[in-house]
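Report on the structure given below.
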There are 2 protein chains.
Amino acid sequence: MPEKQKRSARKQAEPDLGILSSWLLFAVQRELFETMEREGFEKLGPRHGAVLAYLDEEGTRATDLAALSGQHKQVIGTLIDELVEAGCVERRPDPQDRRAKLIVPTEAGLERMRRSDAIMAAIERRYAKELGEEDYAQFKRAFTRIAQAARSRERA
Amino acid sequence: MPEKQKRSARKQAEPDLGILSSWLLFAVQRELFETMEREGFEKLGPRHGAVLAYLDEEGTRATDLAALSGQHKQVIGTLIDELVEAGCVERRPDPQDRRAKLIVPTEAGLERMRRSDAIMAAIERRYAKELGEEDYAQFKRAFTRIAQAARSRERA
DNA sequence: AGTGATAGTCAAGATTAGTGACGATAATGT
DNA sequence: ACATTATCGTCACTAATCTTGACTATCACT
């Protein structure tokens with residue numbers, strides 16, 4: 001091994017946190033959506049995950065989805081349009097606030113959310129096996145702490 | 001704490017790998033680019049990072065940058081145009097291959113790359129302090145293994 | 001009632017990503 | 001030497017995505 005290796009090689013061997021996150025994010029996203037599609041679920045982009053991931057069974061307001069996912073209301077709006085089109089959610093008036101609408105998952109939407117959660121869990125189990133249960137659990141605890149710290153720093 | 005908590009709350013408390021990755025990626029990216037801009041570097045988007053991150057001191061070919069960053073040649077082309085505009089890189093003919101051009105960082109570009117690496121390192125040190133050096137080192141080893149596994153799975 | 005803030009939508013623009021084709025050059029096989 | 005095939009970077013075009021500003025209806029507070 002050369003003492004003064006090329007920068008690109010170093011970045012491959014000892015990637016920084018940003019590079020690691022992007023590798024993992026894109027790989028996980030792609031695997032999730034390819035699996036869903038292969039299983040016959042209607043094709044949706046990763047962007048729709050931003051809505052589905054934060055959706056409550058009893059429904060969630062579009063503004064909350066925007067805040068949770070960090071996207072603009074406008075984007076959430078079109079995302080919801082497409083999810084309605086795909087039969088995953090429906091818009092219901094919010095009894096608490098007549099300005100607002102609750103985005104409520106349909107049965108098909110719930111099914112998709114459950115399946116998506118299960119696939120993510122399977123991906124994690126694969127890594128847990130590869131790394132060892134103990135080490136993986138510790139990794140995930142640390143990751144959760146760091147990511148939550150990063151996120152709260154964002155919001156400030 | 002309710003036994004049957006809402007899904008969105010659960011996702012906040014026990015996020016999956018995809019959510020964690022996106023939180024960390026976006027936070028880190030934003031901090032990096034905001035810091036760079038605050039220090040007077042010309043404003044560039046996160047996308048340019050895909051080029052700068054993998055750039056070698058001696059220069060790298062556009063096609064290699066496309067492969068490393070996983071983006072299309074076309075995208076890399078415009079990114080390079082903008083980086084040339086910003087004075088960070090220049091196109092030089094590749095003596096080995098007259099079809100190709102080497103993308104070589106200018107002195108200003110090198111300065112930016114060094115600074116960017118330093119900021120990332122500082123961000124990591126902050127998390128290391130927060131988590132404890134020992135735990136952080138173990139976290140990063142695990143993260144590196146998992147992300148590299150995910151990435152190689154991608155390429156297959 | 002009157003005021004300012006908020007929810008969701010409409011519309012238009014800017015930015016970014018993805019595709020196919022092309023001229024130039026290189027690599028390969030004969 | 002020559003023809004064939006593959007690769008490098010670019011051009012032109014389309015589609016997807018993000019961003020911004022404005023607007024209506026409703027809410028919360030006085």
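The requirement of being at pLDDT 95 or above, of a type in the set (Asp, Glu) and buried (at least 17 other Cβ atoms within 10 Å of the Cβ) is satisfied by residue A:64. Checked against (1) within 15 Å of the chain's Cα centre (by Cα); (2) touching a residue at least 40 places away in the same chain (Cβ under 8 Å), residue A:39 passes all but condition (1). Here residue B:115 passes the criteria (1) among the basic types (Lys, Arg); (2) within 13 Å of chain A (Cβ to nearest Cβ); (3) touching a Phe, Trp or Tyr at 6+ places or on another chain (Cβ under 9 Å) except the one numbered (2).
Residues checked against (1) aromatic (Phe, Trp, Tyr); (2) part of a helix (DSSP H, G or I); (3) open to solvent by less than 30 Å² (accessible area, probe 1.4 Å):
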site	(1), (2), (3)
A:101	no, no, no
A:104	no, no, yes
A:127	yes, yes, yes
A:145	no, yes, no
A:154	no, yes, no
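Picking from residues in the range B:67-81 that are open to solvent by 20 Å² or more (accessible area, probe 1.4 Å) and under 23 Å from residue B:25 (Cβ atoms), the one that is farthest from DNA strand D (Cβ to nearest atom) is B:70. I'd like the residue in the range B:51-66 that is in contact with a strand residue (DSSP E or B) (Cβ under 7 Å, 6 or more places away or on another chain) and near DNA strand D (Cβ under 7 Å from one of its atoms) and, out of all such residues, is nearest to the other protein chains (Cβ to nearest Cβ). Here the answer is B:61. Residue check: is residue A:37 surrounded by fewer than 20 Cβ atoms within 10 Å (Cβ to Cβ), more than 13 Å from chain B (Cβ to nearest Cβ) and assigned to a helix (DSSP H, G or I)? Spelling it out, residue A:37 is indeed surrounded by fewer than 20 Cβ atoms within 10 Å (Cβ to Cβ), more than 13 Å from chain B (Cβ to nearest Cβ) and assigned to a helix (DSSP H, G or I).
For residue A:24, the criteria (1) in contact (Cβ under 8 Å) with a residue 40 or more places away in the chain; (2) in a helix (DSSP H, G or I); (3) at the interface with chain B (Cβ under 7 Å from one of its Cβ atoms) hold in every case but one, which is (1).
Inclusion of residue B:110 among residues that are within 14 Å of DNA strand C (Cβ to nearest atom) and among the hydrophobic types (A, V, I, L, M, F, W, C) is not warranted. Looking at the range B:67-104 only, could you name the residues that are more than 8 Å from DNA strand C (Cβ to nearest atom), away from every other protein chain (no Cβ under 14 Å) and either of a type in the set (D, E, K, R) or more than 24 Å from residue B:36 (Cα to Cα) (or both)? Within the range B:67-104, B:81, B:85, B:90, B:91, B:92, B:93, B:94, B:95, B:101 qualify. Taking the criterion of being small (Gly, Ala, Ser) and farther than 30 Å from residue B:137 by Cα, would at least one residue in the range A:12-31 satisfy it? The answer is no; no qualifying residue exists.
The values are calculated or read from the model by the stated rules, or taken from the named source; none is laboratory data. Nothing here was measured: the structure is a model prediction, and the numbers come from that model. Because the Cβ atoms are built from the backbone with ideal geometry, glycine has one as well, and the counts that use them run over all protein chains shown. SASA here: full protein model, heavy atoms, side chains in, ligands and nucleic acids out. Shrake-Rupley method; radii C 1.70, N 1.55, O 1.52, S 1.80 Å.
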